[in-house]
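The values are calculated or read from the model by the stated rules, or taken from the named source; none is laboratory data. In this text the structure is predicted, and so the values were computed from the model without any measurement. Note that each Cβ is placed from the backbone with ideal geometry, even for glycine, and that neighbours are counted across all protein chains shown.
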Amino acid sequence: MPDNIKIYLVSDATGFAISDVYHGYANALKTLKIPHEEFPYHLFRHVFADEISYNVIHSTALIKSKGFTHAMYIGGMKNVPEFMLESLYHVKRVVVATEDPHSFDPNKHRLGLIDYYFSNERSIPASGRYKNVYYCPTGACNQECGITPREYVDERYHSDILFLGALYPNRQRVLEQIIPMVKKNGLSFKICGHVGYMKKSSPLREYIYDARTIPHAETVKYYNGARATINILRDTHWSPRSKSGKNPMNRSRFAPESLNPRAYESPMCGSLMFLEDTRPESRDIFTDDEVVFFSDGEQLSEKLESYLVSKDPSVAREMTLAAFRKVSMAHTYVHRLQSIMGVLRAGEV
Amino acid sequence: MPQKEGLQEQDQSQLQRQCHDGGSIPPGFSGFVAIYDDGTRVLERENYHSEKLRKKMATNWLEIDRARLASLELYWRGQMMSSIGKADHPDISPPDWFFSHTGCLDVSTHSIRVVARNIGYKDGSGLTNIISVNEVDGTMKGYARA
């Protein structure tokens, strides 16, 4: 259906944790041949100060001959200044949030200035409190993620068990419980990601392999090289930024229901995912034939031993392929963008 | 090169036999297998002589009856990599099935070289969901396109 929509795609300046989502949507816009222009992503962090970048974005969005109809911000919106939302006149503001419910509080008072707010947290639009909030979960980028056979992946990315992500206290508690099983079976267990929240005395320290915030291009390689990936969902009540440890960014107390991008990327890269089933969406999206569910550290330890040591490797392979099929056919950013465009087109009528 | 053609003829007759008796996949087979409602399996074939059309074809895709398709299975070097079936996607209609090769012209031999083999289907939202397996290393990618 021909339409006059032209999108200006902008990443917010939060940091590169959201770069996978941004590139996912950029690729999806190209795949679906939707007229768009991207604000050069690298200018935010390497060339201009944030304020200058936003001034450039504001000026460009209003150039009439470019014909922009929508400015789409990918990310948590923590740093987007008010004037970007207040004075874009004929250009509609679309926000695709990636960090909800953690980042919803700084935005909710600005919802009146935003035309379409796509939250990655299902409980926010489901609450019915906000009329312009829609549900759009995160997904996997089909350009970057794929199953690369282990023998083609550099050896330093190989592991039996991989945990990749920030080591929040709830994640540490679960991971500590698998250490005896890892030692008993001599498995290769790698922890990659931000470890700043971990105590120096933590027994997990000896398993830290790459203590950085891993760029997405490498994340994919780690998933490709891992036999199993552990996905422990983040504790929404805890924040490293407050003295009390309570999260000040979710005062509306939305109960987390949705999954993180890792839940889609890991199966897309062919790693058997061990997924925490404490959020309703875990079992709404995946089944026992695709991923291994666990509720606590003890269960995780038992199931890891069962699938990696006791069971035939073909069982894990079948599950991995089934999960890959599920994600690649319904949960990529192309599918997400198709849903977003449906909402935007309906709004144009 | 008569020797090479002879080998191809032999392979074809073997595949022909297997595709009609529903036998196992030949070792090292790369390509897709079309499975009909009645359980008949038709293997994808290249450099194929069509008895129906009385000519040599690049593939046997024209002879695959989409109206009877129940599922597609994609193999790489004898190993099943993925499958798409009506059991999981009951809304697939005959024109929605998709199979293709991604290829390139090899300038050294002046022949078309298969880079990846793809199977897929078109879903209700108009997206064609494709699973692609690289011919050389077996890398799998999942795509959706308009």
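A few points about this structure:
- Of residues in segment A:308-338 being more than 8 Å from chain B (Cβ to nearest Cβ) and farther than 19 Å from A:Glu290 by Cβ, the one surrounded by the fewest Cβ atoms within 10 Å (Cβ to Cβ): A:Ser310
- Residue ID - nearest to the chain's Cα centre (by Cα), chosen from residues in segment A:53-87 that are more than 13 Å from A:Arg110 (Cβ to Cβ) and aliphatic (A, V, I, L, M): A:Ile74
- Wholly within segment A:3-101, strands (runs of 3 or more DSSP E) carrying at least 1 residues that are surrounded by 22 or more Cβ atoms within 10 Å (Cβ to Cβ) and either modelled with pLDDT of 80 or more or among the basic types (Lys, Arg) (or both): A:7-11, A:70-74, A:92-96
- Sole residue being among the small types (Gly, Ala, Ser) and assigned to a loop (DSSP other than H, G, I, E, B), chosen from A:Ala263, A:Ala217, A:Ala255: A:Ala255
- Taken over segment A:244-293, the criterion of being among the basic types (Lys, Arg) and without any contact (Cβ under 8 Å) to a residue 12 or more places away in the chain is satisfied by A:Lys246, A:Arg253, A:Arg283.
- Across segment A:24-64, the number of residues qualifying as in contact with a strand residue (DSSP E or B) (Cβ under 6 Å, 6 or more places away or on another chain) and either not assigned by TED's automatic domain parsing to the domain that holds A:Ser11 or not aromatic (Phe, Trp, Tyr) (or both) comes to 8.
- Residues that are β-branched (Val, Ile, Thr) and either within 23 Å of A:Tyr307 (Cα to Cα) or surrounded by fewer than 16 Cβ atoms within 10 Å (Cβ to Cβ) (or both) within segment A:220-263 comprise A:Val220, A:Thr229, A:Ile230, A:Ile232, listed in sequence order.
- Of the criteria (1) under 30 Å from A:Pro267 (Cα atoms); (2) of a type outside the set (D, E, K, R); (3) exposed (fewer than 14 other Cβ atoms within 10 Å of the Cβ); (4) at pLDDT 85 or above, which one B:Leu43 fails: (3)
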